[in-house]
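Below: the structure, in structure tokens.
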Amino acid sequence: IPARFAEPGLFQASKLGTYLTLISYSFLHANLTHIVLNVITMLAFGSIAAWRLGLAKFLILSAICSIGGGLLHLASHWGELVPVIGASAVVSGHMAVAVRFLDKRNSFFLARGVSVRSLTPMGIPQILKSQTALVFLGFWVAINLIIGLGGDALGEELSRIAWQAHFGGFIAGFVVFPFLDNRFSRA
């Protein structure tokens, strides 16, 4: 809740408790549908990050993506009583990692059970040349912008989606992954 940061005494929480909400919000969900959607997307995209990084670095990546999503939500709703909940920022960060493996060559290998650990992730120049990655990115950005800019017209349920948190988590995952992945820096 951005108001917690703008007015520190509002919820009578410690500073540490307030800052921990940048991670803890991602464990809360509105309903079963919200949980199921996040779990399914995390299975699809988070598994790539988990296999590539290992458990400890995967958890660090997930926490950083949660913080990135929380900070962008905080910046766009400063001082407001507009809560953000759900693991969508984390899942968006996992999608950012997966994008680095979305070229035709890697898709071919992944479809045949080759470990993501043996693949070379794409850097920004390769992503900009990969039709598969660009189509995925375009689709992802378009959906989030439609929800963000037209959510009220699309219905009450969509207007409550924290699309800013999605972007914050995605950006955090995209930027942080190369620092966590030892093989990326060697490539």
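The values are calculated or read from the model by the stated rules, or taken from the named source; none is laboratory data. The shown structure was predicted, so the numbers you read here are calculated from the model rather than taken from an experiment. Methodologically, a virtual Cβ is constructed for each residue, glycine included, from the backbone with ideal geometry; neighbour enumeration extends over all protein chains shown. Protein only, heavy atoms only, side chains kept; ligands, DNA and RNA dropped before computing areas. Shrake-Rupley method; radii C 1.70, N 1.55, O 1.52, S 1.80 Å.
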Net charge of Cβ neighbours under 13 Å - reference Ala13; Lys, Arg +1; Asp, Glu -1: +1
Run lengths n ≥ 4 of DSSP H only: what is the helix-derived mean residue ellipticity at 222 nm for the chain, with -39500 (n - 2.57) per run over all residues, to the nearest 500? -21000 deg cm²/dmol
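If we sort 94-101, 125-132, 13-20, 72-79 on the protection proxy, mean other Cβ atoms within 10 Å, highest first, what's the order?
On the way: 94-101: 25.8, 125-132: 13.8, 13-20: 11.6, 72-79: 18.5.
For the peptides 94-101, 125-132, 13-20, 72-79, the packing ranking is 94-101, 72-79, 125-132, 13-20.
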In Å², what does the accessible area per residue of the chain work out to with a 1.4 Å probe? 55
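How high is the FRET efficiency between Gln126 and Leu43 when r is their beta carbon distance and R₀ equals 30 Å, given to the nearest 0.05?
Details: r = 26 Å, r/R0 = 0.86.
That pair, Gln126 with Leu43, gives E of 0.70.
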What is the Cα coordinate range of segment 1-111 on the first, second and third principal axes, sorted by size from largest, in whole angstrom? 54, 27, 23
Could you work out what % of the accessible surface of the chain is carbon and sulfur, using a 1.4 angstrom probe and leaving DNA, RNA and ligands out of the count? 70
Angle between the chain longest axis and helix 131-154 axis [Cα atoms, degrees, rounded to 10]: 20
